[in-house]
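The values are calculated or read from the model by the stated rules, or taken from the named source; none is laboratory data. Values in this document were obtained by computation on a predicted structure and should not be read as measured data. Every residue, glycine as well, gets a Cβ built from its backbone with ideal geometry; the counts of neighbours run over all protein chains shown.
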Amino acid sequence: MPDHPPPIQFVPLTVADLPRLARWLAAGDARRWYARRDMSYADVQAEYGPKISGVEPARGSLIELGGAPIGYIQSYLIRDYPTYAAALRIEPGAAGLDLFIGEAAYLHRGFGSRALAQYIREFLFTEETVSCCVVGPDPENAAAIRAYGKIGFEYVKTVQVPGEDCPEYVLRVTREGLK
């Protein structure tokens, strides 16, 4: 009988998840590539509370593997963030996506790519108005760039978003290109 990997599920982020998120954002790859700064618990509450309450349009979820939280993913329509949309100059209908694997035991094992492809299929490309999905990792984050490439993302351009410390290496995937 073949081994089947545990299922991945996406569970909406809640206030009760913020301590876990704060722990993830304080260390490892999540700290280096995603948070990019020291974040107090109050910072995490200020950043993610509006997503939980619906004040901010981004949708945040925990990535669970076999029922255990291993990471975070969020999606949003690019047009809902005008400064970002102006920097990207990407087609109408583009959705953005950010994610990280927070549990060190699951890093660099393919779970990010798997979760990303599944999330895009289940949540983004089920909406007719979404034309493509874009991500913007740090140009030096080779592991993330490889993970995105595995599922069909292709390089578009590198942009400097106003107010951000480093440029984004913008990658894009369409329904037809998603692997």
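Residues in segment 137-153 that are within 21 Å of residue 86 (Cα to Cα) and touching a Ser or Thr at 6+ places or on another chain (Cβ under 9 Å): 1 in all. With respect to the conditions (1) touching a residue at least 40 places away in the same chain (Cβ under 8 Å); (2) surrounded by 15 or more Cβ atoms within 10 Å (Cβ to Cβ); (3) in contact with a helix residue (DSSP H, G or I) (Cβ under 9 Å, 6 or more places away or on another chain), residue 35 lacks only one, and its number is (1). Looking across 172, 79, 121, one residue alone is crowded, with 20+ Cβ neighbours inside 10 Å, of a type in the set (D, E, K, R), touching a residue at least 12 places away in the same chain (Cβ under 8 Å) and not in a loop (DSSP other than H, G, I, E, B). It is 172.
Is there a residue in segment 142-153 that is at positive phi and surrounded by 12 or more Cβ atoms within 10 Å (Cβ to Cβ)? Within segment 142-153, one or more residues are at positive phi and surrounded by 12 or more Cβ atoms within 10 Å (Cβ to Cβ). Considering each residue of segment 1-11 in turn, at least one proves to be part of a strand (DSSP E or B) and surrounded by fewer than 14 Cβ atoms within 10 Å (Cβ to Cβ). Scanning for something surrounded by fewer than 18 Cβ atoms within 10 Å (Cβ to Cβ), over 23 Å from residue 155 (Cα atoms) and touching a helix residue (DSSP H, G or I) at 6+ places or on another chain (Cβ under 8 Å), does segment 83-106 turn up at least one residue? Yes, segment 83-106 has at least one match.
Among the residues of segment 94-118, write down those that are closer than 23 Å to residue 80 by Cα, among the aliphatic types (A, V, I, L, M) and in contact (Cβ under 8 Å) with a residue 40 or more places away in the chain. Result: 94, 116, 117. Every listed requirement among (1) over 24 Å from residue 35 (Cβ atoms); (2) assigned to a helix (DSSP H, G or I); (3) modelled with pLDDT under 95 is met by residue 92 save one, (2). Name the single residue, out of those in segment 154-163 being loosely packed, with under 15 Cβ neighbours inside 10 Å and outside any strand (DSSP E or B), that is modelled with the lowest pLDDT. Among those that are loosely packed, with under 15 Cβ neighbours inside 10 Å and outside any strand (DSSP E or B), it is 163. Consider segment 31-44 and keep the residues that are within 18 Å of the chain's Cα centre (by Cα) and either charged (D, E, K, R) or more than 16 Å from residue 102 (Cα to Cα) (or both). The one that is modelled with the lowest pLDDT is 36.
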